[in-house]
1. With the Cα gyration tensor of segment 56-147 in hand, give its eigenvalues times 5 under a square root as the equivalent ellipsoid semi-axes, listed largest first in whole angstrom.
2. Sort 149-162, 81-94 by the packing proxy (mean of other Cβ within 10 Å over each peptide's residues), most packed first.
3. Using a 10 Å cut-off on Cβ atoms, rank the peptides 58-70, 106-118 from the highest mean neighbour count down.
4. Treating segment 2-165 as a set of equal point scatterers at the Cα positions, no solvent, please give the Debye-formula log₁₀ I(q)/I(0) at q = 0.10, 0.19 Å⁻¹.
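Since every read-out is calculated from the coordinates, none of them should be taken as a lab result. All values derive from a computational prediction rather than experimental measurement. Cβ: placed from backbone, ideal geometry, glycine included. Neighbour counts: every protein chain shown.
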């Protein structure tokens with residue numbers, strides 16, 4: 001345990017030292033690395049940047065969202081070139097079919113919705129799914145950007161209201177009550193989609 005704690009302490013110190021050199025571009029670089037490589041504490045970093053300089057809130061949110069979108073490209077290419085085998089090796093057949101159906105029904109939302117949620121949501125699985133199920137590259141980038149924008153904007157506003165400690169609180173809630181949170185968010189989106197569909201039907205109905 002001491003070895004792990006020592007490693008995490010050194011890893012954290014290395015990240016913050018790197019951020020001093022990156023300056024205002026820190027959220028973009030860390031978000032890019034988080035999507036392209038190993039997991040990075042991108043939420044904590046965005047929250048800290050926003051808390052220290054709230055006037056640049058929109059800039060930091062946009063840069064982090066753009067970094068996440070561009071950083072997802074290598075994984076998208078892996079899924080595109082590797083095909084279904086790459087995805088099937090990482091998830092069960094049942095889950096594979098669920099993700100497939102979600103992309104068939106609401107392609108944009110199938111990627112944007114997971115992008116809105118923090119860990120433990122396995123977002124990289126959905127990035128691979130977008131490639132395997134042949135989502136248009138332009139729509140892929142837009143969905144990742146939109147999902148991350150909602151996530152980072154919400155996090156930034158909560159940070160200004162409650163302070164940067166809201167990051168650890170949010171992650172704890174998601175980890176302990178992931179099923180309930182997923183159910184509530186999914187239910188809210190389904191209600192919105194139904195209301196939107198009914199509105200379009202009434203609009204297109206013959207007078």
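1. On the way: eigenvalues 104, 35, 28 Å².
The answer is 23, 13, 12 Å, longest axis first.
2. 149-162, 81-94
3. On the way: 58-70: 22.0, 106-118: 19.8.
Order by mean packing, descending: 58-70, 106-118.
4. At q = 0.10, 0.19 Å⁻¹ the computed log10 ratios are -0.39, -1.14.
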